[in-house]
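To start, the structure itself, in structure tokens.
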Amino acid sequence: MNRKFSIFNTIIFLLLFGTACFTLLPFLWMLLTSLKSNLEIISSNSTFLPKDPSLDGYRTVFKEAPFFRWLMNSTITSVVVTIVTMFTSALGGYIFAKFDFMGKRVLFISILATMMIPFQVVMIPTYLIISKLGLINHLSAIVLPSLVSAYGVFLAKQFIEDIPKDLMEAARIDGAGELRVLYSVMMPLVMPMLSALGIFTFMGSWNNYLWPLIVLNDSDNMTVPLALVFFNGAHTVNYNVVMSAAVLIMLPVIIIYLIFQKQFLKGLTMTGLK
């Protein structure tokens, strides 16, 4: 029995290892391509490994574009969106989970219904609103439409519903207001869920491409995903430069994941159990 179990585990491990290698193959190809010259990439004799590794693509990224400024723009917008989304999700989830008011169910279903609407449907109305506010070509145009997440509110509500009301009552007896109860009692208890939500939100904001492409025109206000458009336009066939920019764009997300890996996995596990 143990031998069969060991063989089964070995087969599962090999399958998972092969799947992981297959999944990582595009990223490895992107990294190796960034180290090739453009001539080698378009050559018919091009190989998987670079024949003469070079960092010319990375030098071009930093020399011919304000990449650090784009990096700062993406960092600012992604961090602001993530922090505010975590707060609004916790606040909305707390209200829907622990308070009763007229139209609560209808309002909650309406919020969830927005998850069914593709962004392309609301893209034009959102653009018109941002234009009326005079925020076109400003970083606020990226931040404002993303400050509330329907999925975040739903997820927070599901977790906060299981928190005993006795904890809230005890905090209120001690003189805590509702925001104090939310901050001191609720948020620490749902922090694993908020951590997972924060990572997903940060990744979504960091990789956001279509909306910044629409509302940002000035190169100084661009975010890092738009670097691919910049180099595709300015360097028609410089694939090594595009791949170098893609590697640089991907690195911060990997670093964030490695830092918050434990919280992320714990949040996913609790979400699955929920």
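The simple spin-label model puts a point 7 Å past each Cα toward its Cβ; for T10 and M123 those points are separated by 5.2 nm. In the assembled protein chains, E178 presents an accessible area of approximately 70 Å² (probe radius 1.4 Å).
Write down Rg/Rh for segment 112-206, rounded to two decimals, with Rg from the C-alpha atoms and Rh from the Kirkwood relation over Cα pairs. Intermediate results must be reported in sequence, preceding the final value.
Details: Rg = 17.5 Å, Rh = 16.0 Å.
Radius of gyration relative to Kirkwood radius: 1.09.
Separation of the alpha carbons by more than 30 angstrom is noted, of K132/K157; K165/K262; K104/K165, for K132/K157.
How big is the C-alpha Rg of segment 1-61 next to the rule-of-thumb value 2.2 N^0.38 Å, as a ratio? Before the final figure, lay out the partial values.
Numbers: Rg = 18.7 Å, N = 61, 2.2 N^0.38 = 10.5 Å.
Rg over 2.2 N^0.38 Å, computed on Cα atoms: 1.78.
Go ahead and set up a Gaussian network model of the chain, Cα springs under 10 Å, then flag whichever of F154, F99, F13 fluctuates most. It is F13.
Write down the accessible area per residue of the chain in Å², having rolled a 1.4 Å probe over the full set of protein chains.
That works out to 60 Å² for each residue.
Stick to the Cα atoms of segment 42-196, pair each with every other, and give me the Kirkwood hydrodynamic radius in Å at one decimal. Before the final figure, lay out the partial values.
Numbers: mean 1/r = 0.0514 Å⁻¹.
That comes to 19.5 Å for segment 42-196.
Computed over the alpha-carbon pairs of segment 1-123, the distance histogram in 5 Å steps reads 2, 7, 8, 8, 9, 9, 10, 11, 12, 10, 8, 4, 2, 0 percent, short to long.
Could you check how much of the accessible area of the chain is carbon and sulfur, as a whole percent, using a 1.4 Å probe?
Numbers: 11500 of 16460 Å².
Ligands and nucleic acids excluded, carbon and sulfur reach 70 percent.
Highest GNM mean-square fluctuation, the chain, Cα pairs closer than 10 Å: which of P118, P53, P225? For the chain, modelled as a Gaussian network with Cα springs under 10 Å, the answer is P118.
If the chain linking F27 and I163 were pulled fully straight, counting 0.36 nm for each residue of separation and taking away their Cα-Cα distance, it would gain 44.8 nm. Average projected area of the Cα convex hull of the chain, in nm²? Average projection, Cα convex hull of the chain: 21.7 nm². Calculated mean residue ellipticity at 222 nm for the chain: -22500 deg cm²/dmol, from DSSP H runs with n ≥ 4 weighted as -39500 (n - 2.57), summed, divided by the residue count and rounded to 500.
The values are calculated or read from the model by the stated rules, or taken from the named source; none is laboratory data. Since this is a predicted model, take the numbers as computed values, not measurements. Neighbour counts run over all protein chains shown; Cβ positions are idealised from the backbone, glycine included. Only protein heavy atoms, including side chains, enter the accessible area calculation; ligands, DNA and RNA are left aside. Shrake-Rupley method; radii C 1.70, N 1.55, O 1.52, S 1.80 Å.
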